[in-house]
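See structure below.
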Amino acid sequence: MKTRVEKAPVIAALAAQWTTIDTLVSDLSDEQFSSESGLPGWSVGDIIAHIVGTENMIDGLEADAGRDVSGLDHVKNPIGELNERWLDHYRARSRAELMADYRSMTAKRIADLTAMDDEAWNADAVTPVGPESYGRFMRVRTYDSWVHEVDLRDAVGAGEPSDPVPARFALEEMAVVMPYIVGKKASAPKGSRVTFDFTGLVPMRVHVAVDDRAALVPELDGPADVTLRTTITDYTRLAGGRPGAAEASVTIDGDVALGSAIVDSLHYMI
């Protein structure tokens, strides 16, 4: 079943997220902009190139294949190859040209999304999470852009994100994967009840019940076997296997063995 996502709030969150990233990197020195990001093979500027390159792809543009990037260690799939082509495209251009393209393309995408009617917003789409609605795809774009804000901030020591609106959509997207993490990766036994208790920027409790299969549930039918307490930012670092994951904090209440297995299984993003 396709996920129906309310249009206006997602577009507003995506616009706010892209503006936040623009403001963040505009204050960086050239040295910071070209420094390593913590993502294999990518600089801070490459993260910006990745974001605008993805929107270019969605808008139907293609990057020139200047070299064969399939053999790079950090390229895992065809999407990774497309990403690297856009990085190469922008590496041949100046920081000013990259940022000009970032601003013009993100503005165009927000205008196009705003003009989209509900039928198109809810239509079938090919997305990174499989066949879904176009609206869900845009929630994924908000999530991906928010994750990269964390990467940018960690790379240059710019502190934590402060806007809860796009962060909440990012958490909603990450919550979809939690049953897979609990039931499949961590092999939680049937009957397990797990709560993820997010504090800080986006206070939210996400519940997973493992019966015939693991599933998100609005409330548990009894006490949680284990509660994992963390922030969305630390969860993101762990889920992405980011350099900051080693310092990420997760408090485990209840079944420590199960909780530890879940924490050890959080890395799922490529």
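Distance distribution note for the range 144-187: the fraction of Cα pairs above 17 angstrom is 45%. Normalised by the number of residues in the range 122-270, the average gap of Cα pairs under 8 Å and 6 or more apart makes the relative contact order 18 percent. In summary, the convex hull built on the alpha carbon positions of the range 65-207 has an orientation-averaged projected area of 12.0 nm².
Once the Cα atoms are used to define both axes, helix 164-175 deviates from the longest principal axis of the chain by about 60 degrees.
Of the trypsin sites (Lys or Arg not before Pro) found in the range 1-44, those that fall in a DSSP loop while having at most 13 other beta-carbon atoms within 10 Å are Arg4.
Every Cα-Cα pair of the chain was included, and the share exceeding 32 Å stands at 26 percent. With the helix formula -39500 (n - 2.57) applied to DSSP H stretches of n ≥ 4, the chain reaches a computed 222 nm mean residue ellipticity of -15500 deg cm²/dmol.
Put a dot 7 Å past the Cα of Arg205, heading toward its Cβ, do the same for Val165, and the two dots end up 2.8 nm apart. Judged by the gyration tensor of its Cα atoms, with axes a ≥ b ≥ c, the range 167-255 is prolate; a/c meets the 1.5 cut and a/b is the larger of a/b and b/c. Loop-only trypsin sites (Lys or Arg not before Pro) in the range 141-224, please: DSSP not H, G, I, E or B, and at most 11 other Cβ atoms within 10 Å. Hits after loop and neighbour filter: Lys190, Arg213. Along Cα→Cβ, 7 Å out, is where each label goes; now give me the distance between the ones at Ala246 and Asp27 in nm to one decimal. About 2.7 nm separates the two model spin labels.
What the chain shows is 47 Å² of accessible area per residue, with the surface traced by a 1.4 Å probe over protein heavy atoms. Each residue was assigned an accessible area with a 1.4 Å probe, and for Thr251 the value is about 60 Å². Backbone geometry of the range 263-270 corresponds, through the Karplus equation with coefficients 6.51, -1.76 and 1.60 at θ = phi - 60°, to 3J(HN,Hα) couplings of 4, 5, 9, 5, 6, 10, 6, 7 Hz, x marking Gly and Pro. Restricting to bridges with both residues inside the chain, how much of the DSSP beta-bridge set is antiparallel, in percent to the nearest 5? The antiparallel fraction comes to roughly 75 percent. Only protein atoms count toward the accessible area here, which uses a 1.4 Å probe; on the chain, the carbon and sulfur part of that area reaches 53 percent. The listed residues Ile252, Ile51, once ranked by accessible area (1.4 Å probe) with the largest placed first, stand as Ile252, Ile51. The mean sequence separation of alpha-carbon pairs under 8 Å and at least six residues apart, normalised by the residue count of the range 216-256, gives a relative contact order of 48 percent.
Rounded to the nearest 20 debye, the dipole magnitude of the range 1-160 is 300 debye, with +1 charges on Lys and Arg beta carbons, -1 on Asp and Glu beta carbons, and the Cα centre as origin.
Per residue, the convex hull spanned by the alpha carbons of the range 124-163 comes to 54 Å³.
Note on the range 1-113: Cα Rg divided by 2.2 N^0.38 Å, N the number of residues, gives 1.13.
The values are calculated or read from the model by the stated rules, or taken from the named source; none is laboratory data. All values reported here derive from a predicted model rather than from experimental measurement. Because the Cβ atoms are built from the backbone with ideal geometry, glycine has one as well, and the counts that use them run over all protein chains shown. Remember, those area values only see protein heavy atoms, side chains included, never the ligands or the DNA or RNA. Shrake-Rupley method; radii C 1.70, N 1.55, O 1.52, S 1.80 Å.
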